[in-house]
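For reference, the structure discussed in these notes is given below.
The values are calculated or read from the model by the stated rules, or taken from the named source; none is laboratory data. All figures in this text were calculated on a predicted structure; none of them were measured in a lab. All Cβ positions, even for glycine, are placed from backbone atoms using ideal geometry, and neighbour counts span all protein chains on display.
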Amino acid sequence: MDFASPILELVKGLWGLASKPLGYICNLKDNVEALGKATGDLKAMSGDVKGTVEREEREGGVRRTNQVENWLCKVQKFEGGVDRVLEEARECDRIKCFSRCLPQNCWSSYKLGKRVDRLLDEARELQGKKGEFSNFTSPLSSPAILAIPMVKTVGLDISLNEVWKWLADETKTGMFGLYGMGGVGKTTLMKRINNKLLCTNLKFDVVIWVVVSKQVNEDNIRDVVRKWLNIKDEIWDGWSHNHRVHHLLNILAEKKFVLLIDDVWARLDLSEIGVLPPSPKNGSKVVFTTRSKQVCHQMGANETCEVSCLKLEEALTLFKKNIGKSLENCDDDIQCLAKDIAKECKGLPLALITVGRAMAGREHPNEWHYALTTLRNKPHQLSGMEEVYHILEFSYNSLSDSIVKLCFLYCCLFPEDYLINSHDLIKLWIGEGLLGDTDDVYNMRERGEYILGSLKMACLLESETVAYSGLQSVKIKMHDVIRDMATWITRDHGKKENKLLFIEKEEDMSTKGMSKWGEAEKVSLWGKWILNINQAPLGCSQLRTLIVRETKVSVLPGGFFDSMTACLTVLDMSDNRNINSFPEGICNLISLQYLNLSCTRIKELPKEIRNLTCLQWLLLDRMMQHILIPTGAIASLPLNVFSMWESNLYEEEEMVEELGRMQALTDLSIKVGQSSSALKIFQSFQRCIRRVSIVECEDLTHIPISHSLKGNINFSHLEVLYIFKCLMLVKMEINQGIGQTPNCYCFPSLVKVYVRNCGFLDLSWLVHAPKLQGLIVWDCNLMEKIIGDGIARDELAASRLFSRLESLEIYALPKLRSICDRALFFPQGVKFLIRGCPGLRKLPLNSNSARGSFSIDGDKGWWAEFKWDPAALVTFKGPGVGPVEEMTYGEAERKIKDESINFARLEFLPSGAE
């Protein structure tokens, strides 16, 4: 027995050592089942926790605790490990208890059993940890974001969603610029962004709100920022300027912040204030508002969004909200008048709120009718509207100089909601002398375009694209409330009502109405409702500008201009299609500098027009009758600009000779129909011709042009060239090539060419037009190539031919085989329109020159021969108003072939096509 005790102890010890490893094997099946159950319980538990946390975070003001965040991450990691182990257990050959038979591979079962046992312990531990949570979320620290009080807003959702998408995208950092006219709701939008950040968990450490305003005070901005960062007064006051900047930079470098800057008027250097520029490294973001799109660019905004006026339904909702009570139970007349008043505000929230409050408590239809009439005729007299104008006037006052301000105010001479042709506007600016007194009208046009750009970026003018006869053009528009503000400023802030007069109704031409002309400096008489002018104004000694446009008037009364002779400098009578004789009295306007009689039925100018010794602009475009200008009538005038674009002249040759002797002339637009006149234009008018149309010159066979590489006899200002119905014209001969490294072209400014029904074999002379944007070639039966074979490869490359082309339209060219035999570089988005060109099989494109998008509008015959990569992506548009579909070129090719489609427009998307 003595020797048995040690042996028994040894066996017990060995069993103790072996029992656990054997348990991994023997209990494997039971443990796997227990692990599966524990994992299911844990998944349900973590799902409950996660759902509760996300709900509380959505409700706002809280974020999940670090303890909960850590536990959820561990559970997620655990679940991934368990899935792999359970899959391995299912693949085991046999899992049997030890009492029956051992598995075939004890070692692998041992390792698996050990991992299952460890995971089972981990599951129990994670389940126990969950019970230790006192709270799943904790309140956000109050300084991080503070709610800004605001009433419920109307509209702005599109802009808000665009900014929010950017804020929520962690891959995007930098600055977002919100721009728009004054009173459109930019500050309201920023408040909504701030409050939404408060209610949503985007994990920013701090959101800082700063208002800049026009008079920037950087010290005040720093003070606001440091308060958001909880820097105490006593510490801040002890720092120097440089120390303050330094400490702000260091503190913000450690934080992921959002900086909301409201009302920025000029570029703000954030680093000078103490704010690190946002970057992917710090994940911070800046959102700012401004009235100027240019400020967005100057600030280096990564993305921008224009805050637009409200749509009609939104505008009505905001207007009704500020009236103070529902209109549903009001008189029907009041409801209709309320809608008309809201329409007058054109969706501008500031005006809608102001006028809505002014109408609060008004219960009689007469009160509403009075308000509508006042808003239309004298809006500044309606309660609160002068305050609106003062707010909007900040944008006017911020314009760079007095010239830009005068140009802006001039726009209010155009009618309400009128789509202004930018060229017409700039012509009037120059005619008024607003752009300087230089004779260089081309430089002044460029300055005018620059000013227009400045006014649009300041959100004082708007651009609007309109389509006419299939062509698109961009017009200028002035928001009605902005126009009212400009009118108010022009009238000395409403103190001189008659300084500027608008007349759009014939009743305004009564004796009482005409009496106001005595105080007027500018009068705009415009519109189809004016049928007659029956009396002449009296005492117009201050009148400098008179615009009479688009009326139904046929005759002006005798003596109409008699009281204007001393001061009137600008007279625009264009688009009066019923006027058929030169208005009596114009020739006595001795101070007149600008006269526009375009698009009238006037047949002859009087000889007395020579009395207008100050006249610099004479415009006779699109005249509806042939017009006679007596010999010598304009020869002595100091004309800088003479334009007869698309107008027909009597005694054309004599007129062209006379124009050639007018040394002051720098800008000529003319249509000629005789060969001698056409040749004279190209021989003697290089310095001043801007637009020329050559029509029906039956015996014109070629146009010889002397061209110098020195540039002293080139057509430096020619912009538009039309050549129609010159069947014998086969060639334009330019005596000099452009050279391999050109610094001078024959037609350096030519942007539009239209050739129709001519005898040209090619248009190789277009290599001299590097800025060409539009080319139309129709009905040229002999033309075989657009660019012929006589151009050397290096010369063609140096010419930059078609490098700015926006559209090429070729129609009914039966012999055309090629546009150009060599591949050319076209700008992205170029449009080709091809009809009736059966011999043309391809375009001068290859994989290098067609990297950007381009579109082709071709007929069925063209598409049957055209070859392109069938895998290239295109958008397909058939005839009519059907949908635009995206597909491959191969699919589009089959669609055109199989269906009854006469023509189709395909836009080829950037795809590295071959």
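Listed here are the residues, each with its yes/no results for (1) at pLDDT below 90; (2) of a type in the set (Val, Ile, Thr); (3) surrounded by fewer than 21 Cβ atoms within 10 Å (Cβ to Cβ).
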{"position": "155", "(1), (2), (3)": "yes, no, no"}
{"position": "165", "(1), (2), (3)": "no, no, yes"}
{"position": "180", "(1), (2), (3)": "no, no, no"}
{"position": "187", "(1), (2), (3)": "no, yes, yes"}
{"position": "192", "(1), (2), (3)": "no, no, yes"}
> Pick from the stretch 393-402 the residues that are assigned to a helix (DSSP H, G or I) and either at pLDDT 95 or above or small (Gly, Ala, Ser) (or both): which of them is surrounded by the fewest Cβ atoms within 10 Å (Cβ to Cβ)?
Replying inline: 402
> When the stretch 304-325 is examined, which residues are found to be of a type in the set (A, V, I, L, M) and either farther than 28 Å from residue 264 by Cα or in a helix (DSSP H, G or I) (or both)?
Replying inline: 312, 315, 316, 318, 323
> Among the residues of the stretch 275-285, is there at least one that is polar (S, T, N, Q) and within 16 Å of residue 208 (Cα to Cα)?
Replying inline: yes
>> If I ask for residues that are touching a Lys or Arg at 6+ places or on another chain (Cβ under 6 Å) and either part of a loop (DSSP other than H, G, I, E, B) or touching a residue at least 60 places away in the same chain (Cβ under 8 Å) (or both), which ones from the stretch 752-774 would you list?
In response: 757, 762, 770, 771, 773
>> So, in the stretch 614-632, exactly how many residues are small (Gly, Ala, Ser) and under 23 Å from residue 432 (Cβ atoms)?
In response: 0
>> of a type outside the set (Lys, Arg), in contact with a strand residue (DSSP E or B) (Cβ under 8 Å, 6 or more places away or on another chain) and buried (at least 17 other Cβ atoms within 10 Å of the Cβ): which single residue out of 750, 761, 796 fits that description?
In response: 750
> From the residues in the stretch 323-345 that are surrounded by 17 or more Cβ atoms within 10 Å (Cβ to Cβ) and either of a type in the set (Gly, Ala, Ser) or touching a Gly at 6+ places or on another chain (Cβ under 7 Å) (or both), which one is nearest to residue 385 (Cα to Cα)?
Replying inline: 342
> For residue 318, are the conditions met, namely being touching a helix residue (DSSP H, G or I) at 6+ places or on another chain (Cβ under 7 Å) and not acidic (Asp, Glu)?
Replying inline: yes
> Is one or more of the residues making up the stretch 440-448 part of a loop (DSSP other than H, G, I, E, B), over 27 Å from residue 179 (Cβ atoms) and either modelled with pLDDT under 95 or in contact with a helix residue (DSSP H, G or I) (Cβ under 7 Å, 6 or more places away or on another chain) (or both)?
Replying inline: yes
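Okay, residues lined up against (1) in a helix (DSSP H, G or I); (2) modelled with pLDDT of 90 or more:
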| residue | (1), (2) |
| --- | --- |
| 333 | yes, no |
| 350 | yes, yes |
| 357 | yes, no |
| 363 | no, no |
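Residue by residue, here is whether (1) among the hydrophobic types (A, V, I, L, M, F, W, C); (2) closer than 24 Å to residue 485 by Cα; (3) assigned by TED's automatic domain parsing to the domain that holds residue 210 holds:
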| residue | (1), (2), (3) |
| --- | --- |
| 238 | no, no, yes |
| 246 | no, no, yes |
| 265 | yes, yes, yes |
| 272 | no, no, yes |
| 285 | no, no, yes |
| 299 | yes, no, yes |
| 331 | no, no, no |
| 338 | yes, yes, no |
> Among (1) under 32 Å from the mean Cα position of the chain (by Cα); (2) buried (at least 21 other Cβ atoms within 10 Å of the Cβ), where does residue 773 come up short?
Replying inline: (2)
> For the stretch 575-604, which residues satisfy the criterion of being buried (at least 20 other Cβ atoms within 10 Å of the Cβ) and either small (Gly, Ala, Ser) or touching a residue at least 60 places away in the same chain (Cβ under 8 Å) (or both)?
Replying inline: 593, 594, 596, 598
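Look at residue 374 and say whether it is without any contact (Cβ under 8 Å) to a residue 12 or more places away in the chain, of a type outside the set (Asp, Glu) and touching a helix residue (DSSP H, G or I) at 6+ places or on another chain (Cβ under 6 Å).
yes
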> Do we have any residue at all in the stretch 246-255 that's of a type in the set (Lys, Arg), touching an Asp or Glu at 6+ places or on another chain (Cβ under 9 Å) and at pLDDT 90 or above?
Replying inline: no
>> Can you pull out every residue in the stretch 413-462 that is touching a residue at least 40 places away in the same chain (Cβ under 8 Å), among the small types (Gly, Ala, Ser) and over 13 Å from residue 403 (Cβ atoms)?
In response: 422, 431, 458
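Out of the residues in the stretch 227-274 meeting the condition of being in a loop (DSSP other than H, G, I, E, B) and touching a helix residue (DSSP H, G or I) at 6+ places or on another chain (Cβ under 6 Å), tell me which one is nearest to residue 192 (Cα to Cα). Break it down stepwise before answering.
Just the residues of the stretch 227-274 that are in a loop (DSSP other than H, G, I, E, B), to begin with: 229-232, 238-240, 254-256, 265-269, 274.
Now drop any that are not touching a helix residue (DSSP H, G or I) at 6+ places or on another chain (Cβ under 6 Å), which leaves 229, 267, 274.
Numbers: 229: 22, 267: 24, 274: 26 Å.
By that ranking, first place goes to 229.
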> Which number in (1) within 43 Å of the chain's Cα centre (by Cα); (2) within 21 Å of residue 612 (Cβ to Cβ); (3) free of Cβ contacts under 8 Å to residues at least 40 places away in the same chain; (4) surrounded by 21 or more Cβ atoms within 10 Å (Cβ to Cβ) marks the one condition that residue 561 misses?
Replying inline: (1)
> Which strands (runs of 3 or more DSSP E) sit wholly inside the stretch 560-640 and have at least 1 residues that are among the charged types (D, E, K, R)?
Replying inline: 570-572
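Results for (1) more than 30 Å from residue 733 (Cβ to Cβ); (2) acidic (Asp, Glu), shown as yes or no for each residue.
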| residue | (1), (2) |
| --- | --- |
| 590 | yes, no |
| 593 | yes, no |
| 608 | yes, yes |
| 611 | yes, no |
| 628 | yes, no |
| 644 | no, no |
| 669 | no, no |
| 675 | no, no |
